[in-house]
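The values are calculated or read from the model by the stated rules, or taken from the named source; none is laboratory data. Being a predicted model, the structure only gives us computed values, none of them experimental. Glycine also receives a Cβ, built like all others from the backbone with ideal geometry; neighbour counts cover every protein chain displayed. SASA here: full protein model, heavy atoms, side chains in, ligands and nucleic acids out. Shrake-Rupley method; radii C 1.70, N 1.55, O 1.52, S 1.80 Å.
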Amino acid sequence: MRIVQLVPSMDGGELAQETLEFAQELARQGHESAVISAGGTLVSRLTLHNCQHHQLPVDQKPFFRARIHGRLRRLLENLRPDILLARDALCSWHAWCVWQSLPEATRPRLVTALHTLPPSGLFRGRVNGALARGELVMASSGSLARELQLRYGAILNQATAGGNGDASSGPQVRYRGVNTRELDRRAPVSGHWHQKLLNQFPQLEGRNWLLLPAPIAPGKGLECFLELLAVLKQTLPDIFGLIVGEVVPGQEKFARRLEHRAETMGLAEYVLFLGARRDMRELYASARLTLDLSGDPAGTGRVITESLAMGCPAVALAGTGTEVLQQCFPQGLLPDLSSSGNATLAARLADTCESILNHSPNVNFTGFSLAETTTQTVGWFRQLCEGRAATGSRVAETA
């Protein structure tokens with residue numbers, strides 16, 4: 001199967017990284033994989049793994065559409081893909097405009113994918129509405145799928161019915177898979193790595209690590225993490241918090257205030273700001289618990305899925321991470337507010353974390369690896385292509 005992804009750029013960011021991983025896994029499974037984008041730093045990694053890249057400024061706004069659409073049409077006519085996967089609102093709009101102009105018998109099946117709410121607003125305008133015009137529409141979480149169905153149900157039903165899909169099913173939920181060849185829980189952690197970390201930070205020895213991977217900026221749950229540590233250290237004096245992430249440019253004062261707050265809370269011996277790290281596999285494998293405390297309903301849940309892939313229990317407040325926990329590790333979900341009385345968030349978090357630390361429940365990470373999610377997605381693609389073949393056969397018989 002020949003699959004072409006349309007993405008704004010390959011210049012870092014979670015969307016570009018997911019595009020890269022999916023393209024590489026498609027090629028590994030024997031499919032022809034290509035990406036059309038405005039270019040970026042990840043292009044070299046893409047082409048290194050037997051994937052094609054075609055540069056086109058599809059990140060430009062609709063004002064420049066005529067030239068872009070002409071070039072995109074010619075490119076698709078040359079590539080002749082089976083599937084055209086558009087990965088955001090603007091790319092979905094470009095793809096839909098060009099796709100309509102292609103001959104129906106030879107054009108690819110159109111798939112659109114929603115990863116997060118469009119930055120321009122909550123599904124406003126024709127551009128954002130193109131997200132719902134794919135013959136197959138995918139969403140990266142159940143909450144996004146419901147939002148898309150709520151706002152564009154009529155367009156979704158018309159588009160999927162035209163593609164011979166199940167119009168009543170709405171968007172398909174496709175969680176971002178974890179590359180378990182890189183995050184391999186079966187591979188042991190190097191003793192050299194562990195000793196090097198302890199030599200650098202001797203205060204970690206003999207402690208139970210709680211991991212918070214998050215950029216240093218407001219709204220990422222950092223203050224909540226400090227409050228959690230202040231509660232937990234009363235009953236679990238061997239816990240230690242590791243905050244992993246770089247300071248967001250412009251947030252240097254916030255970072256200094258956060259460190260000062262940790263000291264005034266008596267957490268100088270209980271928390272460490274590690275900065276950005278490239279050894280997350282080892283940190284996940286060595287930690288007792290990973291947390292996502294941003295509370296963002298639109299959160300991607302990447303930290304949660306990576307931690308669970310490594311067998312490390314996790315706790316999340318909101319976003320896609322809670323949907324993953326529901327299936328893989330329900331112990332990481334907080335109880336309903338109504339059942340917690342007047343308990344503060346930190347207290348409820350502490351109860352959940354303490355229960356996990358004391359009982360060490362197993363993680364069931366099934367169905368969320370990159371290989372599994374890619375196989376599932378390719379299955380949907382095949383059904384879409386078979387639907388066209390079946391329709392063509394009926395038309396021929398009628399003629």
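Tell me, please, whether a residue that is buried (at least 17 other Cβ atoms within 10 Å of the Cβ), at pLDDT 95 or above and among the charged types (D, E, K, R) can be found in the stretch 226-246. Yes, some residue in the stretch 226-246 is buried (at least 17 other Cβ atoms within 10 Å of the Cβ), at pLDDT 95 or above and among the charged types (D, E, K, R).
Going through (1) of a type in the set (S, T, N, Q); (2) open to solvent by less than 30 Å² (accessible area, probe 1.4 Å); (3) over 30 Å from residue 248 (Cα atoms) one by one, residue 326 falls short only on (2).
If you scan the stretch 253-273, which residues turn out to be within 27 Å of the chain's Cα centre (by Cα) and farther than 15 Å from residue 201 by Cβ? Reasoning before the result, please.
Taking the stretch 253-273 first, the residues within 27 Å of the chain's Cα centre (by Cα) are 254-255, 272-273.
Listed by number, the residues that qualify are 254, 255.
Residues in the stretch 1-30 that are in contact with a strand residue (DSSP E or B) (Cβ under 6 Å, 6 or more places away or on another chain) and not charged (D, E, K, R): 3, 4, 5, 6, 7, 9, 10, 19, 23, 26, 27. Return the residues of the stretch 74-99 that are over 13 Å from residue 58 (Cα atoms), in contact with a helix residue (DSSP H, G or I) (Cβ under 9 Å, 6 or more places away or on another chain) and surrounded by fewer than 24 Cβ atoms within 10 Å (Cβ to Cβ); say none if nothing qualifies. Hits for the stretch 74-99 are 76, 82, 99.
Looking across the stretch 18-38, just one residue is surrounded by fewer than 17 Cβ atoms within 10 Å (Cβ to Cβ) and in a helix (DSSP H, G or I), and that is 28.
For the condition open to solvent by less than 40 Å² (accessible area, probe 1.4 Å), among the aromatic types (Phe, Trp, Tyr) and under 21 Å from residue 354 (Cβ atoms), what is the one hit in 270, 284?
Numbers: 270 fails: open to solvent by less than 40 Å² (accessible area, probe 1.4 Å).
None of the others qualify; the one that does is 284.
When you look at residue 349, is it buried (at least 22 other Cβ atoms within 10 Å of the Cβ) and closer than 30 Å to residue 115 by Cα, yes or no? Step through it out loud before you land on a result.
On the way: buried (at least 22 other Cβ atoms within 10 Å of the Cβ): yes; closer than 30 Å to residue 115 by Cα: yes.
Taking the combined requirement at face value, the residue satisfies it.
Restricting attention to the stretch 39-67 and to residues that are part of a loop (DSSP other than H, G, I, E, B) and open to solvent by less than 30 Å² (accessible area, probe 1.4 Å), the residue that is nearest to residue 85 (Cα to Cα) turns out to be 58. Summed over the stretch 19-72, the residues that are in contact with a Phe, Trp or Tyr (Cβ under 9 Å, 6 or more places away or on another chain) and modelled with pLDDT under 95 give a count of 3.
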